[in-house]
Amino acid sequence: MVSLDSPITIVRPHLIEFGVGTAERLGMWASQKGYARILVISDAFNATRIDALGLRGEVTVFADVTPEPDTANLDRVLSAANAADAQLVVGFGGGSAMDLAKLAAVLAGSSQTLRDVVGPNRVAGPRRVALAQVPTTSGTGSEAGIRALVTDPVTMAKLAVESIHMLADIAVIDPALTFSVPARTTAATGVDAMAHCVEAFTNRKAHPMIDLYAIEGTRLVGKYLARAVRDGDDAEARAGLCLASLYGGFCLGPVNTAGGHALAYPLGTRWHVAHGAANALIFPHVLAFNTPAAAEKTQAIMDALGCKTSTSTQSVFDAAYAFCAELGIEMRLSGLGVPEGDLDAMADDAFAIRRLLDNNPRDLSREDIRSIYEAAF
């Protein structure tokens, strides 16, 4: 863990609008800025409700964002962005839509390709179009960050782009947009938001300036997630989860995630398991594994979630597993259709994600990863 006097850089969207009923403020902001040509990048469902954003002018909608988007999906987005010649790109949906919006904002009309910008700080700036992000789920925190992920369908690997040029000019976080999210998805995405916070909190790069967001985000999930799962129209609970997701996004920039996300990614790239569901299933296993290396912080996490545990690894695992299972989340790989014969390949994939595994508070060997998958099967 780094010390209090260690340097850190925190970035946030230039303007954040938060609260029930704020969605239409995007249209007012865009009009004030004089943006007349707008491209909204969304999935098919959210494309039916873009009127909530109050956008005026020539609005083009790309409505074909797929879960866990791959490079082919990005290519279609870029074609739409080049045709629209937009002054403003809007990501409207979950993390997939917002990540593609980031990439469209920096690659459309650019001489750079995706391969040119994979990795940190390789995007040539400045950006020529404005970027707005409007989340409709409470999980990824992508509205607050400078990273975007797409899958290479050949290697089954996540291609990660990180650049300050992908920071949103405005993020509009309206909890009312999340009321329609089904209970099972609410549960999984809520645990994903919490996993961002937990993995940042216990990270080798953890910093006191980020810890306050991380532990408060965890507390918000512990307080509100079960409520939102029971009643999707609970405005206070939905707002609490939106704030937890935003705080998780704040954690991702300067610290990022660790072993939990590394082990979750192969579920999405190989078997198209939704990102939130994959992280929720993996969460108790990696939290317990890391306990010996982060005992004090693990106890703070469990306290924030309202879970009573001892300091033992088994106690932490049992409580974290119960927290997720009681939300109705599928907690077995076999239940998600992952074949046992694929566990070795998944372990190879996860072990190769050094950008995350090197953040983990306890070294995860390839054998450790394989054992966790076996225990989760």
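Yes or no: Phe62 over 17 Å from Leu149 (Cβ atoms) and open to solvent by 40 Å² or more (accessible area, probe 1.4 Å)?
Here the answer is no, as Phe62 does not meet what is asked.
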Among the residues of segment 262-285, write down those that are surrounded by fewer than 22 Cβ atoms within 10 Å (Cβ to Cβ) and of a type in the set (Gly, Ala, Ser).
Gly268, Ala274
What number of residues in segment 1-43 are loosely packed, with under 14 Cβ neighbours inside 10 Å, over 15 Å from Gly54 (Cβ atoms) and in contact with an Asp or Glu (Cβ under 9 Å, 6 or more places away or on another chain)?
2
Just one of (1) in contact (Cβ under 8 Å) with a residue 24 or more places away in the chain; (2) farther than 23 Å from Thr137 by Cα; (3) open to solvent by less than 20 Å² (accessible area, probe 1.4 Å) trips up Met302, so point out which.
(1)
Extreme residue, modelled with the lowest pLDDT, among residues of segment 230-256 that are not in a helix (DSSP H, G or I) and not polar (S, T, N, Q)
Gly253
If a residue has to be touching a residue at least 60 places away in the same chain (Cβ under 8 Å) and charged (D, E, K, R) to count, how many in segment 219-241 make the cut?
3
What single numbered condition from (1) at positive phi; (2) modelled with pLDDT under 95 fails to hold for Gly19?
(2)
Flagged in segment 119-144 as surrounded by 23 or more Cβ atoms within 10 Å (Cβ to Cβ), touching a Leu at 6+ places or on another chain (Cβ under 7 Å) and more than 26 Å from Ala183 (Cα to Cα), in numbering order, are Ala132
Could you name every one of the helices (runs of 4 or more DSSP H) located completely within segment 330-377 that has at least 3 residues being surrounded by fewer than 16 Cβ atoms within 10 Å (Cβ to Cβ) and out of contact with any Leu (no Cβ under 9 Å at 6 or more places or on another chain)?
343-351, 366-376
Evaluate segment 364-373: report whether one residue or more is closer than 22 Å to Tyr265 by Cβ, in contact with a Pro (Cβ under 8 Å, 6 or more places away or on another chain) and touching a residue at least 40 places away in the same chain (Cβ under 8 Å).
no
For segment 98-118, how many residues are small (Gly, Ala, Ser), without any contact (Cβ under 8 Å) to a residue 60 or more places away in the chain and crowded, with 20+ Cβ neighbours inside 10 Å?
1
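The values are calculated or read from the model by the stated rules, or taken from the named source; none is laboratory data. No experiment lies behind these values; they were computed from the predicted model shown. Every residue, glycine among them, receives a Cβ derived from its backbone with ideal geometry; neighbour counts consider all protein chains shown. These accessible areas exclude ligands, DNA and RNA; they are computed on the full protein's heavy atoms, side chains included. Shrake-Rupley method; radii C 1.70, N 1.55, O 1.52, S 1.80 Å.
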